[in-house]
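Input: a single structure, listed below in structure tokens.
Coordinate-derived values only; no laboratory data. Predicted model only: the values in this text are computed from it and were never measured. Cβ atoms come from the backbone with ideal geometry, glycine included; neighbour counts cover every protein chain shown.
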Amino acid sequence: MRAMIAMTMLALAGCTQSTSTSGPAPEVRGGGLSPVPAFNGGGEGWSIDITSTGGGAHDASLVWASGSQRSDFKLFYRGQPADAPSTLIVLSGEMRAGGALRPVIVEIKREPCKDDAGASFLHSVSVTAEGVVPGTSQMRGCGHLAMR
């Protein structure tokens, strides 16, 4: 009887009887389902468009230097970093710029964001890519994340 009461209390609390501590299933941990169906955003002199292609992969297009430079590349969602807040989404990949492949990291964060014109957005975005923009490795701005 006590076991049945304990199981009922656990069920009411949203718990299960399993004692596994291995975390989410590998397909969830590995980014099988991306939280980014589509995203578009940018900042002063740059913009990025991202579209999910399935399996954690995305097509991305980055335009910078006020439209004079462009790179189309793949980004991948590899799951939520263990130490990251739940409001942060991280995508990574490589882009061709200046004749070389460069690692790129896109961070999309759910937080209020205003662009230079004062327009309000629900997400901030930062794109980190060494050697793409002279004098900085990071571009910051705001954007729109499509909802599922």
- Kindly write out, for region 99-111 in residue order, the coupling ³J(HN,Hα) from the Karplus curve 6.51 cos²θ - 1.76 cosθ + 1.60 (θ = phi - 60°), rounded to whole Hz, with x marking Gly and Pro. x, 9, 7, 10, x, 9, 10, 10, 10, 10, 10, 6, 6
- Mind listing the long-range amide H neighbours of MET95? Cut-off is under 5 Å, sequence gap 5 or more, other chains count too, H placed in the peptide plane at 1.01 Å from N. ARG102, VAL104
- Task: Within 10 Å, count the other beta carbons around each residue, average over each peptide in 47-53, 82-88, and list them highest first.
- Result: 47-53, 82-88
- Quick one: putting +1 on the C-beta of Lys and Arg, -1 on the C-beta of Asp and Glu, what dipole do you get for region 24-145 around its Cα centre, in Debye to the nearest 20? 140
